[in-house]
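*Asks:* Got a structure for you, questions after.
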Amino acid sequence: MIELREDILLIADPFLKDVNFMRTVVYICRHSEDGSFGFVLNKVFEQTLDELINGLEGYPIPVYTGGPVQPDTIHFLHQYPDLIPDSYKISEEIHWGGDFETVKTLIREERLDLNKIKFFIGYSGWEQTQLENELKESSWLTASATRRIVFEIPPENIWKESIEHLGGKYKMMINFPIDPQLN
């Protein structure tokens, strides 16, 4: 496990039963003494971007449930810092947000590889020491983030791939039941 910081993955413990985070992987975008926030990478939202945003009709781009906080907001991670102004650099390969009108134009002009941008409704957030306490309780595992896990792995495989990314003793967790009492 690695230290809590920006540009890491929070991998839900196999036995975490919180409905918002069961078998999820959260990409941490910001972490400071004031708190942390990120996006759940592997929970597909029931609507696509064209159903949520005017002007994008005919572009059924997947949207993910980023978390339970502010579920009326749209966010995005991308690999286009040169095309999307005002984005926040999380790592060399991953940026957060930016000018959404520019994004809409780029989508309509079909200038974006949709494997290099990911949209979220809502986000996951933790106050001050809340996430640190959850880590002490073993609710989460931490791993370094990769562009591949954030953008390229199908959502149904992200949790397993992230556990495999940890390697070693963690790999056996892939086959753990959600509730060991039912085993």
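*Asks:* Filtering region 3-43 down to residues that are out of contact with any strand residue (DSSP E or B) (no Cβ under 6 Å at 6 or more places or on another chain) and assigned to a strand (DSSP E or B), which residue is nearest to VAL150 (Cα to Cα)?
*Replies:* Filtering region 3-43 for residues that are out of contact with any strand residue (DSSP E or B) (no Cβ under 6 Å at 6 or more places or on another chain) and assigned to a strand (DSSP E or B), the one nearest to VAL150 (Cα to Cα) comes out as ALA12.
*Asks:* Among the residues in region 52-69, are any open to solvent by 70 Å² or more (accessible area, probe 1.4 Å) and either in contact with a strand residue (DSSP E or B) (Cβ under 9 Å, 6 or more places away or on another chain) or of a type in the set (Val, Ile, Thr) (or both)?
*Replies:* Checked against the condition, which is being open to solvent by 70 Å² or more (accessible area, probe 1.4 Å) and either in contact with a strand residue (DSSP E or B) (Cβ under 9 Å, 6 or more places away or on another chain) or of a type in the set (Val, Ile, Thr) (or both), region 52-69 yields no hits at all.
*Asks:* Can you work out which of the residues in region 102-131 that are surrounded by fewer than 19 Cβ atoms within 10 Å (Cβ to Cβ) and among the charged types (D, E, K, R) is farthest from PHE21 (Cα to Cα)?
*Replies:* Once the filter is applied, the top-ranked residue is GLU109.
*Asks:* Right, another one. Quick one: which strands (runs of 3 or more DSSP E) sit completely within region 69-183 and have at least 2 residues that are of a type in the set (A, V, I, L, M) and closer than 17 Å to ILE8 by Cα?
*Replies:* In region 69-183, the matching strands (runs of 3 or more DSSP E) lie at 140-144.
*Asks:* Looking only at residues that are outside any strand (DSSP E or B) and within 22 Å of TRP159 (Cα to Cα) in region 49-68, which one is nearest to the chain's Cα centre (by Cα)?
*Replies:* By that ranking, first place goes to GLY66.
*Asks:* May I pose another question? Give the number of residues within region 17-40 that are in contact with a helix residue (DSSP H, G or I) (Cβ under 9 Å, 6 or more places away or on another chain) and under 20 Å from TYR170 (Cα atoms).
*Replies:* 4
The values are calculated or read from the model by the stated rules, or taken from the named source; none is laboratory data. None of the values given here were measured: they were computed from a predicted structure. Note that we place each Cβ from the backbone using ideal geometry, even for glycine, and neighbour counts take in every protein chain shown. The protein model used for the area step is the full one, side chains on, heavy atoms only, and it has no ligands, DNA or RNA in it. Shrake-Rupley method; radii C 1.70, N 1.55, O 1.52, S 1.80 Å.
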